[in-house]
Amino acid sequence: MNFLIAGGTGLIGQKLIQRLIEENHHIFCLTRSLKNKTNTNNLTFIQWMHDGKQPCEELKGKKIDIIINLAGKSLNSGRWTENRKKQIVESRIKATMSILTIIKNLTHKPILFLNASAIGIYGTSETKTFKETDSPANDFLASTVAKWEECAKKAAAYSIRTVYCRFGVVLSNKGGALPKLMLPYQLFFGGKIGRGTQWISWIHIEDCIKAMLFIIDHSTIQGPVNFTAPQPVTMKQMGEIISKQLHRPNWLPIPSLFLKTLLGEMSILITEGQYVESKVLTQNNFPYTFPSLQKAIADLY
């Protein structure tokens, strides 16, 4: 099949493209710069959103089976000033609108549109269990994700099956949150973050990619899908598991107030939490490779 992917140079995108190439699919990867990018038999780079121009001409006449949008400014790219928050929202909306323009101009419409999203849509809680049918909260993260999904929903006008991939904390040793969480333990001063009772709804990157391919093969799945493992853990439990795996002490707590002072509003990503279930994946009998955090950490480290 032919895939069109935006955000292919990120943590998930790189892994996904690697897997699709292994399965002998062809990928058209949208990129802001063609510098140091080399096309291969299975991978073609196309410049997009350059000087206001869309890549519709390069894609003209090509049959795209599946479009995957992973583009958006990182939430961890700096303190959440008002300007930064504006960039976070606009980067997601602009990328998605650009994808919709591409879809409009394709002669052969894709059969599936996978749009990145996040479990941040549910807000935070130490007592609630969130699932795909729950309504959005009203904080910054939740409203950002809700706007993102509302924009992607416009693909339905072209009768395209659309899935919102609500990613939890994706665990990888190549980037993302996990190396940052591991570093204090590797330096012998690890400990629980904040209260330690906040939930982390996580997923191993292998299961993340596997779930995307699973959705591609299961045509009845559409709408929001939580990309989370079946066993969320508290921050305290995560610290204990990391400590045991690395054979390092787990003794120096980091107070929530310190993180809020250091990171501002962005501290919510680690000082607050949410227990999220993936009802869609479990009800469709998705076979997790790493259902437990112990198994995931042991594989990655």
query: When Pro136 is evaluated against the numbered criteria (1) surrounded by fewer than 19 Cβ atoms within 10 Å (Cβ to Cβ); (2) in contact with a Ser or Thr (Cβ under 8 Å, 6 or more places away or on another chain); (3) in a helix (DSSP H, G or I), which criterion, by number, is the only one it fails?
result: (3)
field: Residue tally, condition among the acidic types (Asp, Glu) and either surrounded by 14 or more Cβ atoms within 10 Å (Cβ to Cβ) or under 17 Å from the mean Cα position of the chain (by Cα) (or both), over segment 119-133
entry: 1
message: Looking at segment 205-264 only, could you name the residues that are assigned to a strand (DSSP E or B), within 18 Å of Phe188 (Cα to Cα) and not polar (S, T, N, Q)?
response: Ile254
query: When segment 85-102 is examined, which residues are found to be touching a residue at least 40 places away in the same chain (Cβ under 8 Å) and not basic (Lys, Arg)?
result: Ile88, Val89, Ile93, Ala95, Thr96, Met97, Ser98, Ile99, Leu100, Thr101, Ile102
query: In segment 154-164, what count of residues is obtained for those that are surrounded by 15 or more Cβ atoms within 10 Å (Cβ to Cβ) and either closer than 13 Å to Leu100 by Cα or touching a Leu at 6+ places or on another chain (Cβ under 6 Å) (or both)?
result: 6
task: Quick one: which residue in Ile270, Ile254, Ile241 is under 27 Å from Lys131 (Cβ atoms) and either touching an Asp or Glu at 6+ places or on another chain (Cβ under 6 Å) or at pLDDT below 95 (or both)?
output: Ile270
- prompt: Is segment 1-21 home to any residue that is farther than 21 Å from His204 by Cα, over 19 Å from the mean Cα position of the chain (by Cα) and outside any strand (DSSP E or B)?
  reply: yes
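The values are calculated or read from the model by the stated rules, or taken from the named source; none is laboratory data. What you see is a predicted model, and the numbers here were worked out from it, not measured in a lab. Positions of Cβ are backbone-derived with ideal geometry, glycine not excepted, and every protein chain shown enters the neighbour counts.
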